[in-house]
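Heads up: the structure comes next, in structure tokens.
The values are calculated or read from the model by the stated rules, or taken from the named source; none is laboratory data. Source: prediction; values computed, not measured. When we count neighbours, we look across all protein chains shown, and the Cβ atoms used for this are built from the backbone with ideal geometry, even at glycine. For the accessible areas, the whole protein counts, side chains as well, though only heavy atoms, and no ligand, DNA or RNA atoms are used. Shrake-Rupley method; radii C 1.70, N 1.55, O 1.52, S 1.80 Å.
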Amino acid sequence: AMNLGAVDFVCKPFDEHELDVPLANALKQRELSREVATLREELQSQSRYHMLFGNSDRMAEVRELIERVADTDVTVLIRGESGTGKELVARALSASSLRADKPFVKVNCAALPTELLESELFGFERGAFTGAIQHKPGKFEFANHGTMFLDEIGDMSFPLQAKLLQVLQDGEFARLGGRQDVKVDVRVLAATNRDLESAVAEGQFREGLYF
């Protein structure tokens, strides 16, 4: 019985006073178990936001918004100036979601030219272009069942946005040089330091990408 989880035991026949110590031990152990569970939950909650400092009303709003959308699969656009912590918010969203134990893959859209960014995101087949000597999976395949964070998405070219839109709508894409579509289950988080209204007016975001 002890091996199966019993806290204590008494031998029959027993006097009712002999139950005092076993019952006290059982209550104490239950209380300790509850405290451990509470502390573990608090620690996990803190680890989600370990870099989101501050107790201001605005930071409280940020945390509340993260909690509100974390368990959904809705695509999120995080806006803010450079250095304000957009990636930290994305990681907090991922850590608070049902995909927390799945891959979190980051791609900086401003760091690569369009051609390289497309192959980085979607991969390519052997012979797709000069130097493609073997098949290479893209970041979306590595992020399957997890979260993709597209940083500085405002720098993504218009044609590549169209291909991204297909992934958002249908969960499918074609590798460069590929003949068959690849199906993935990926939640997309994106970030930009650009003003959304101005970017839309200037035609920098394709219709359907206003997350």
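Shown in residue order for the stretch 175-181 are the 3J(HN,Hα) couplings computed by the Karplus curve 6.51 cos²θ - 1.76 cosθ + 1.60 at θ = phi - 60°: 5, 4, x, x, 9, 10, 6 Hz (x for Gly and Pro). Taking each DSSP H run with n ≥ 4 as -39500 (n - 2.57) and averaging over every residue of the chain yields -12500 deg cm²/dmol at 222 nm. Considering only alpha-carbon pairs that sit under 8 angstrom and 6 or more positions apart, the relative contact order computed for the chain is 21 percent. Ranked by the mean number of other Cβ atoms within 10 Å per residue, highest first, peptides 28-36, 184-192, 58-66 order as 184-192, 58-66, 28-36.
Ranked by the mean number of other Cβ atoms within 10 Å of their residues, highest first, the peptides 171-182, 6-17, 154-165 fall in the order 154-165, 171-182, 6-17. Listed by chain and number, the aspartates and glutamates whose alpha-carbon sits under 12 Å from that of Lys86, ignoring those within fewer than 8 places in the same chain, are Asp151, Glu152. Each Lys and Arg contributes +1 and each Asp and Glu -1, all at the Cβ; summed about the Cα centre of the stretch 90-146, the dipole is approximately 240 debye.
Dipole magnitude for the chain: computed about the Cα centre from +1 point charges on Lys and Arg Cβ and -1 point charges on Asp and Glu Cβ, it is near 660 debye.
Taking the longest Cα principal axis of the chain as reference, the axis of helix 20-48 is set at about 10 degrees.
Apolar share of the accessible surface for the chain: 52 percent from carbon plus sulfur atoms, 1.4 Å probe. Looking at the stretch 90-151, the trypsin sites (Lys or Arg not before Pro) that sit in a DSSP loop and have at most 13 other Cβ atoms within 10 Å of their own Cβ are Arg126.
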